[in-house]
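The values are calculated or read from the model by the stated rules, or taken from the named source; none is laboratory data. None of the values given here were measured: they were computed from a predicted structure. With ideal geometry, Cβ positions are generated from the backbone for all residues, glycine too; neighbour counts draw on all protein chains shown.
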Amino acid sequence: MDRTQTNTALTPRQSLAVGITLFSMFFGAGNLILPSPLALKAGTNCVPAMIGFLIAGIGLPVLGIVAVALAGTARELADRVHPIFSKVFVAAIYLSIGPCLAIPRTSSTAFEMLIPLIPEGVSVDTTRLVFSIAFFAVAFGLAMHPGALTKLLGRITGPALIVLLVMVVGSTLIAPAGTAQAPQPPYDNVAPIQGFLAGYQTMDLLASLTFGIIIAENIQALGVTDSHGIMREVSRVGVVAGALMALVYCGLAFVGVTFGSVMPDATNGAVILTAAATLHFGFAGTVIIAAIYLLACLNVCIGLISCCGTYFCENFTGSASTGVDENGKQANPTYRIWAAGFAIFSCFVSNFGLDAILTFSVPLLNALYPVSILLVLMGIAHRACDRFPLVWPWAIGVTTVASVVTSIRDAFFKGAPLVLDSLPLADIGLGWILPAACAAVIGIVISMVKNGAIEKN
């Protein structure tokens, strides 16, 4: 009998292997630039702020993986609300983890690492433009040749980046640059909640909805096929991946908090990590971290361009993106057009700079994350929710309206009053919770009434 048909659980070695795979899928340059400035600003409130950050940056993505494993793909989850909502929502996820935020962030992060190497008198803005054009030209070219350098980059840049981070964090542990300072706004008030909201910018919850099914399929391929077993094993590998991510995040946070007295006005993690590497290893540290980040960001960019190009090619033009010609180049011209469009748009956005991208990301992610959180929680409890079908459109619909309206106000009409502002928890960015709960109750009641009417007939 085939052994894969009789497994009820993964072996410890298999759990570790799949956990490392999940970690690698989440681990990107964007994850590295967030904990340090959070810790720097949180200062003496660093621990509670990081707890909130870890819940949003690790806990929610793991729950997303579990939800997708149990209830189907992001598209299948969102279809329970409405087919049109599903198409728009999933497209919005791909746009946010693609050309609107994540792809431009790869170029901007890489460039931030290169700024200390720019000679005196050379325009930073001009250099950024030239760099971004070259960066995305190379990324697009490699995205047209899947796998050409991905394996090489993955084998070299990932381990090299981890080694360098261990060196930077370790040297900071041995010789801290400074001391924690008094917390800066907004971390001087309800630090855990502020850390939780900052965790949105990892975008890992959104990412988990797009590739969570891959982890479930890997576990199924190893012989675990029942839903309870899959959920159990997803949770186990999630713990492995989460532990690795937590080590990285906490190490970076320690670097950030020790720089509170050295560079209190630092606004992004790239600047802080570059300063730490330079402080402990001199000019060589600056060069090495710039090179590693460049390659790591390029690798991530290639994957995101390919992923987004594939999705939009298949779902908005009805054309399969798979297949390469005799030269190993993507054979589908429609895919190449989508990929080129995303690369050009991302190049444009990246020239606004990393700080601007991070600022722009806040309202967009504040619109998407509440909906994603609720969708994940309902996906985990999908059997109960499916008994009351109208709970999906009511709860998700009301949450979507509340989140989008609030985000538009915060982005374009900051300070304008909203009725939603008077709701409990609105002052800490969680005003959507009560409307979502009330809408869920309404959806359950209407479903029960309709089911009762059907049974009578």
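Could we say that Gly415 is over 27 Å from the mean Cα position of the chain (by Cα) and surrounded by fewer than 22 Cβ atoms within 10 Å (Cβ to Cβ) here? Yes; evaluated as a whole, the condition is true for this residue. Whether a residue is aliphatic (A, V, I, L, M), at pLDDT below 90, surrounded by 15 or more Cβ atoms within 10 Å (Cβ to Cβ) and more than 18 Å from Ile292 (Cα to Cα) was assessed, and Met144 passes this test. Apart from one condition, Ala110 fits all of (1) hydrophobic (A, V, I, L, M, F, W, C); (2) modelled with pLDDT of 90 or more; (3) surrounded by 21 or more Cβ atoms within 10 Å (Cβ to Cβ); the exception is (2). Take Leu77 and tell me if it is assigned by TED's automatic domain parsing to the domain that holds Ser346, more than 27 Å from Val234 (Cβ to Cβ) and over 15 Å from the mean Cα position of the chain (by Cα). Judged against the criteria, Leu77 is not a match.
Note on the stretch 110-134: residues that are at positive phi and part of a helix (DSSP H, G or I) amount to 0.
Residue by residue through the stretch 68-95, note down the ones that are under 30 Å from Ala139 (Cα atoms) and surrounded by fewer than 20 Cβ atoms within 10 Å (Cβ to Cβ).
Once the filter is applied, which keeps residues that are under 30 Å from Ala139 (Cα atoms) and surrounded by fewer than 20 Cβ atoms within 10 Å (Cβ to Cβ), the stretch 68-95 yields Thr73, Arg75, Ser86, Lys87, Val88, Ala91, Ala92.
Applying the condition of being of a type in the set (Gly, Ala, Ser), at pLDDT 75 or above and assigned to a helix (DSSP H, G or I) to the stretch 203-234 and asking which residue is surrounded by the most Cβ atoms within 10 Å (Cβ to Cβ) yields Ser208.
Within the stretch 364-388, the set of residues being under 15 Å from the mean Cα position of the chain (by Cα) and farther than 16 Å from Ala74 by Cα comprises Leu364, Leu365, Asn366, Ala367.
Residue-wise test of (1) in the same structural domain as His228 (by TED's automatic domain parsing); (2) closer than 30 Å to Leu34 by Cα.
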{"position": "Ser350", "(1), (2)": "yes, yes"}
{"position": "Leu354", "(1), (2)": "yes, yes"}
{"position": "Ser361", "(1), (2)": "yes, yes"}
{"position": "Ser372", "(1), (2)": "no, yes"}
{"position": "Gly379", "(1), (2)": "no, yes"}
{"position": "His382", "(1), (2)": "no, no"}
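Cβ separations smaller than 9 Å between residues 6+ apart or across chains give no pair from the stretch 56-72 residues that are not assigned by TED's automatic domain parsing to the domain that holds Asn218 to residues that are buried (at least 23 other Cβ atoms within 10 Å of the Cβ) and not small (Gly, Ala, Ser).
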